[in-house]
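Engineer: One structure, as structure tokens, below. Some questions next.
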Amino acid sequence: MGGYSKFIVLGLLIISMTIGMFSSLYSFQEVSQRITAHTTLSAWSLAQLELEYQKLSTELQLYRAGKSDGDKLSLAYDLAWNRMDVFLHGEESAAVRSQFGAEALIQKVFLLLQQHESLIENLPSPDSPELAAWEQQLLTLQPDIRQLMIQNFTGPGATRGMDSIEATVKHISWVLAVVALLSLLMSYLLFRESRQHWFLSLHDPLTTLTNRAHFLTLLKERCYQASVKRQVLSLCILDIQRFNEVNDLFGYQNGDALLQGFGRILRLRFGKTALIGRTGGSEFALLIPQHEVTTLLPDVLKEFDSLLREYDPAHRVYLCCGVSTYPEQCSTDGELYQFAEQALSAAKKNSPNHYQVFNTCMLSDFQRRRELATHLRAELQVPDSAKLFMCYQPVHSVQPSEKVGMEALLRWRHPLFGFVAPPEIIEIAEEHGLGDALGDWIFRRVFKDLGSLPFWQIERISVAVNLSESMFTLNLPTKLNQFLRNSPILHEQLILELTETIALHDFATSQQIMRALQKDNIRIALDDFGTGFSSLAYLKDLSVDKLKIDKSFIQQIDLDPRQLYLVRHITELAHDLGLTVVAEGVETAVELDIVAGIGVEEIQGYHYSRPLELPHLISYLAKHFHPETPS
């Protein structure tokens with residue numbers, strides 16, 4: 001869920017909570033109004049009781065004065081009786097009965113009515129002394145009933161119910177207000193935390209500059225705006241070379257301070273309008289108007305140089321810069337970034353001052369490689385391509401043997417660009433996401449080529465296939481089992497060659513892959529041994545079967561005693577670890593005699609054969625083998 005989505009959900013929750021709180025308050029007020037109405041109705045019943053009592057007293061007085069008849073008096077008596085009976089026994093009047101002695105008083109009046117019930121049933125003459133005494137009793141109690149009415153409506157407890165309800169409403173309102181305040185506080189804290197997470201997702205936490213992903217997004221927007229406004233922009237990519245030495249020698253705190261210093265200088269010198277980002281561990285990217293490349297950038301580079309000398313007095317660390325321009329040199333933001341990286345690579349390799357602007361030569365090379373990538377993608381769809389094919393260089397044992405090995409080597413004869421070197425093919429495939437597809441094509445082509453050999457040759461050979469970084473993955477064993485299932489080549493005839501750079505990239509994963517391959521009886525060779533930096537340190541932990549000494553150690557070994565000494569000790573070390581040693585690049589009989597005398601088991605080089613295309617390989621094997629099954 002994105003940052004904005006979180007805020008929308010949070011807003012909906014707050015709105016829902018607010019609606020719920022006000023709905024609860026409204027419901028309570030509605031209930032309180034009902035209670036108030038109920039209480040008012042109960043008080044009204046007391047008022048009606050007084051009225052009926054007064055009517056009874058009045059009718060009795062009129063009857064005694066001869067101005068009313070017995071029916072009216074009897075009706076007034078019944079009404080007063082019923083009103084008092086309801087008041088004393090009804091639930092609605094319970095609250096009123098409990099206040100100001102109302103129940104005792106009305107009970108007394110009701111008892112008086114009950115005592116004179118016989119007079120109403122057998123009504124005497126108006127001048128009866130019983131009626132006169134009853135009238136006097138009624139008049140005596142009438143002030144008490146009047147006083148009860150006054151207390152009920154105006155006394156200190158008359159509004160107690162309403163006051164209690166109002167106090168409850170205020171209490172709930174305060175509680176809801178506190179809940180709302182806490183909700184707002186929680187929302188603010190959540191918003192601030194979300195905003196911080198959102199900021200960190202777009203910026204580098206150390207320098208607070210834009211991170212690589214967000215930089216590329218903004219770069220696309222800036223390029224679009226520049227095309228609309230017809231502006232010219234330059235992208236500068238700066239990389240601190242050998243930056244790890246600052247961390248290793250002076251500590252990570254100094255390394256972090258150096259990076260923060262770079263970010264601070266970029267902000268101060270180029271301002272808020274420039275697009276600045278940290279796009280790698282020690283890499284920064286800067287998008288500025290083209291004129292600032294000549295007016296501001298040189299001074300900034302000098303300032304960077306002073307900063308580097310401050311943190312590295314020995315001058316081991318230095319800065320490289322590559323620059324490309326939009327839209328003069330490219331048409332998209334992707335090309336702009338790619339061209340700047342190519343210029344940076346050139347600055348690292350060739351430029352004395354480590355500063356390089358992308359030029360037409362680099363553009364031609366880029367266009368050539370992009371076209372090659374397009375053609376390579378098409379060639380990988382053709383299993384039997386004549387342009388992209390495999391050659392096989394024999395590998396012979398020093399001791400006489402009825403078997404021969406070979407290394408499968410990729411070749412590309414391009415109709416426009418001519419012969420494309422294998423390392424460049426691998427680089428292009430890796431750069432354009434074709435590494436895995438190229439690996440599958442190589443395995444299928446090798447197994448198909450070798451499957452066309454006579455059976456008596458197939459069982460006498462072994463084949464080595466070089467692995468690229470994209471091919472050396474955890475699913476490699478499964479994939480090879482699928483390829484070998486329909487191939488005449490057995491698992492034990494397959495050798496996989498990888499460089500120590502690939503093997504040591506993720507050492508734990510490499511060991512896992514190697515163990516799985518060896519479990520399937522597939523052998524592994526460490527190729528180009530001696531050209532890396534960590535061979536001896538990790539050799540004991542690598543699960544390999546063969547060690548191939550790079551040809552740079554073999555060529556002219558007869559002219560350099562130190563080279564001979566080095567190859568001898570490498571061979572002895574490999575033998576101590578139980579490895580088979582292969583010498584690459586053997587071209588002369590003298591070199592062959594020397595490496596054989598050292599104890600190398602297998603030889604590969606022009607002394608025996610150059611890499612052979614499939615028809616020549618068949619002829620070579622036919623001369624080397626006799627057409628009968630080996631003993």
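None of the figures in this text is laboratory data; all of them are computed from the coordinates on show. These figures come from a predicted structure and were not determined experimentally. Methodologically, a virtual Cβ is constructed for each residue, glycine included, from the backbone with ideal geometry; neighbour enumeration extends over all protein chains shown.
Engineer: Starting from the Cα gyration tensor of the range 515-627, take the square roots of the eigenvalues, sort them a ≥ b ≥ c, and report rounded, prolate or oblate (rounded when a/c is under 1.5, otherwise prolate if a/b is larger than b/c, else oblate). Please report the intermediate quantities before stating the final value.
Structural biologist: Working: a/c = 2.14, a/b = 1.16, b/c = 1.84.
Cα axes put the range 515-627 in the oblate bin.
Engineer: Based only on the alpha carbon positions, what is the Kirkwood hydrodynamic radius of the range 210-358, in angstrom? Could the numbers behind the result be given before it?
Structural biologist: Working: mean 1/r = 0.0644 Å⁻¹.
After inverting the pairwise mean of 1/r, the radius is 15.5 Å.
Engineer: Let me ask something else about it. Based solely on C-alpha atoms, express the radius of gyration and the Dmax of the range 463-527 in angstrom.
Structural biologist: For the range 463-527, the Cα-based Rg and Dmax read 11.1, 33 Å.
Engineer: At 1.002 mPa s and 20 °C, plugging the Kirkwood radius over alpha-carbon pairs of the range 338-489 into Stokes-Einstein gives what diffusion coefficient in µm²/s? Walk me through the numbers on the way to the answer.
Structural biologist: Numbers: Rh = 17.8 Å.
Once the numbers are plugged in, D ends up at 121 µm²/s.
Engineer: Mind putting together the pair-distance distribution for the chain? All Cα pairs, 10 Å bins, whole percent per bin, short to long.
Structural biologist: Reading the bins upward from 0: 3, 11, 13, 13, 11, 9, 6, 4, 4, 5, 6, 6, 5, 3, 2, 1, 0.
Engineer: To continue, here is another question. Excluding residues fewer than 8 places away in the same chain, name every one of the lysines whose C-alpha is closer than 25 Å to that of K108.
Structural biologist: K108 reaches K55, K72.
Engineer: On average over all directions, what projected area in square nanometres does the range 411-502 have, based on the convex hull of its Cα atoms?
Structural biologist: Working: hull surface 28.2 nm².
Its average projected convex-hull area is 7.0 nm².
Engineer: Then there is this: Could you give each residue of the range 320-337 its phi-based ³J(HN,Hα) in whole Hz, using Karplus coefficients 6.51, -1.76, 1.60 with θ = phi - 60°, and x for Gly or Pro?
Structural biologist: Result, ordered by residue: 10, 9, x, 10, 9, 10, 10, x, 5, 9, 8, 10, 9, 5, x, 5, 4, 5 Hz.
Engineer: When only C-alpha pairs under 8 Å and at least 6 residues apart count, what is the relative contact order of the chain, in percent?
Structural biologist: Numbers: 759 pairs, mean separation 51.3, N = 631.
Averaging sequence separation for qualifying contacts and normalising by length gives 8 percent for the chain.
Engineer: Next question. Treating the range 369-624 as a set of equal point scatterers at the Cα positions, no solvent, please give the Debye-formula log₁₀ I(q)/I(0) at q = 0.10, 0.12, 0.13, 0.14 Å⁻¹.
Structural biologist: The calculated log intensity ratios at q = 0.10, 0.12, 0.13, 0.14 Å⁻¹ are -0.50, -0.73, -0.86, -1.01.
Engineer: Is the shape of the range 90-129 rounded, prolate or oblate, going by the alpha carbon gyration tensor and its root eigenvalues a ≥ b ≥ c, with a/c under 1.5 for rounded and a/b larger than b/c for prolate? Kindly include the intermediate steps, with their values, before the conclusion.
Structural biologist: Working: a/c = 4.66, a/b = 2.92, b/c = 1.59.
Cα axes put the range 90-129 in the prolate bin.
Engineer: Another question, then. Taking amide H positions as placed in the peptide plane 1.01 Å from N, state which residues far from V395 in sequence (5 or more) or on other chains have amide H under 5 Å from it.
Structural biologist: Amide H to amide H, under 5 Å and 5 or more residues apart or across chains, V395 pairs with G405, M406, E407.
Engineer: Under 19 Å from the Cα of K302, which lysines turn up, not counting those fewer than eight places away in the same chain?
Structural biologist: Filter leaves K348.
Engineer: A follow-up question, please. For a footprinting-style exposure proxy, rank S74, S324 by other Cβ within 10 Å, fewest first.
Structural biologist: S74, S324
Engineer: Moving to a separate point now. Return the calculated 222 nm mean residue ellipticity for the chain, to the nearest 500 deg cm²/dmol, obtained by summing -39500 (n - 2.57) across DSSP H runs with n ≥ 4 and dividing by the residue count.
Structural biologist: Helix contribution divided over all residues of the chain: -19500 deg cm²/dmol.
Engineer: Can you tell me what share of the DSSP beta bridges in the chain is antiparallel? A percent to the nearest 5 is fine. Write out the running numbers ahead of the final one.
Structural biologist: Details: 36 of 64 bridges.
Given both bridge residues lie in the chain, the antiparallel proportion sits at roughly 55 percent.
Engineer: So which aspartates and glutamates can K229 reach, going by Cα to Cα under 16 Å and dropping same-chain residues fewer than 8 places off?
Structural biologist: E221, E328, D333
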